[in-house]
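In what follows, a single structure is set out as structure tokens and then discussed.
The values are calculated or read from the model by the stated rules, or taken from the named source; none is laboratory data. Small disclaimer: the values here were computed from a predicted structure and weren't measured. We place every Cβ from the backbone using ideal geometry, glycine too, and count neighbours over all the protein chains shown.
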């Protein structure tokens, strides 16, 4: 028996090991560098989609406020999240939309009457895995965006003011979102719907207002908006941890005309009425 030794078999094994190592390096580079960037871009695009859909919600509610027509409901699609990539190690981004009752309060004290309004809102939470976690809140007719510790008003409510001499007239329309038929939340990464329907409208006139307060979880957004919108010579805008308050300065009077639009809202497919 003869034993013949050769180096060619060893070379073949080494080449196979090197090819496997090269493939592992390439795959690791893709997984650690390019995949997170790709997923971050996907989640950023999803947040742009959500921003457009929430804007459609405001448009629908504003349309109801103008027409005051409850003959039909309007459905607004909402993309809750984004899915993971196939064949790669990625995480899906989940979202939750909630129709909430009595989340904000408006208090008006005046010489004509004192009133307190408890209003509901719609909140969307994006639990992003790669992009910044964001909340979109439709509150008092405004769209507020929060992420980490920042708050900003993306779309303001229907609001205007006019200073004539020493009298400041304020006109605003606020929206009271009211949950309907128990369908108040949806979560996941699929598409759902927010369905809204007009209920009623009430108008109020407040003469010689001594205090206008918005109790909210997002006082910075409201403070920034009111502080930039209202005449600083006529009023003082103060922000506290859970509210923002407007008071007239000495020598000025404030009158407020306010419309409160009540809107029924529910999530999911179809419209379910209460029995």
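Filter the stretch 46-91 down to the residues that are surrounded by 16 or more Cβ atoms within 10 Å (Cβ to Cβ), touching a strand residue (DSSP E or B) at 6+ places or on another chain (Cβ under 8 Å) and not in a helix (DSSP H, G or I) and list them by number.
Matches in the stretch 46-91: 73, 74, 76, 78, 79, 80, 81, 82.
Please state which one of 43, 15 is in contact with a strand residue (DSSP E or B) (Cβ under 8 Å, 6 or more places away or on another chain), over 18 Å from residue 137 (Cα atoms), at pLDDT 70 or above and part of a helix (DSSP H, G or I). Show your work before the answer.
On the way: 15 fails: in contact with a strand residue (DSSP E or B) (Cβ under 8 Å, 6 or more places away or on another chain).
Only one candidate qualifies: 43.
Condition check: surrounded by fewer than 19 Cβ atoms within 10 Å (Cβ to Cβ) and outside any strand (DSSP E or B). Does residue 233 satisfy that?
So residue 233 passes the test.
So is residue 241 within 21 Å of the chain's Cα centre (by Cα) and more than 30 Å from residue 73 (Cα to Cα) or not?
Spelling it out, residue 241 is indeed within 21 Å of the chain's Cα centre (by Cα) and more than 30 Å from residue 73 (Cα to Cα).
Kindly indicate which of 166, 161, 187, 152 is touching a helix residue (DSSP H, G or I) at 6+ places or on another chain (Cβ under 8 Å) and over 25 Å from residue 64 (Cβ atoms).
That would be 152, the only listed residue that is touching a helix residue (DSSP H, G or I) at 6+ places or on another chain (Cβ under 8 Å) and over 25 Å from residue 64 (Cβ atoms).
Checking the condition under 14 Å from residue 214 (Cβ atoms), in contact with a helix residue (DSSP H, G or I) (Cβ under 8 Å, 6 or more places away or on another chain) and at pLDDT 95 or above, which residue from 144, 137, 106 passes?
Result: 144 is the single residue among 144, 137, 106 that is under 14 Å from residue 214 (Cβ atoms), in contact with a helix residue (DSSP H, G or I) (Cβ under 8 Å, 6 or more places away or on another chain) and at pLDDT 95 or above.
Run down 177, 261 and say which single residue is within 26 Å of the chain's Cα centre (by Cα), in contact (Cβ under 8 Å) with a residue 40 or more places away in the chain and within 17 Å of residue 123 (Cβ to Cβ). Give the derivation first.
Values: 261 fails: within 17 Å of residue 123 (Cβ to Cβ).
Answer to the check: 177.
One line per residue, one yes/no per condition, for (1) under 17 Å from residue 200 (Cα atoms); (2) under 17 Å from the mean Cα position of the chain (by Cα); (3) at pLDDT below 90:
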position	(1), (2), (3)
54	no, yes, no
57	no, yes, no
65	yes, no, yes
72	yes, no, yes
77	no, yes, no
101	yes, yes, no
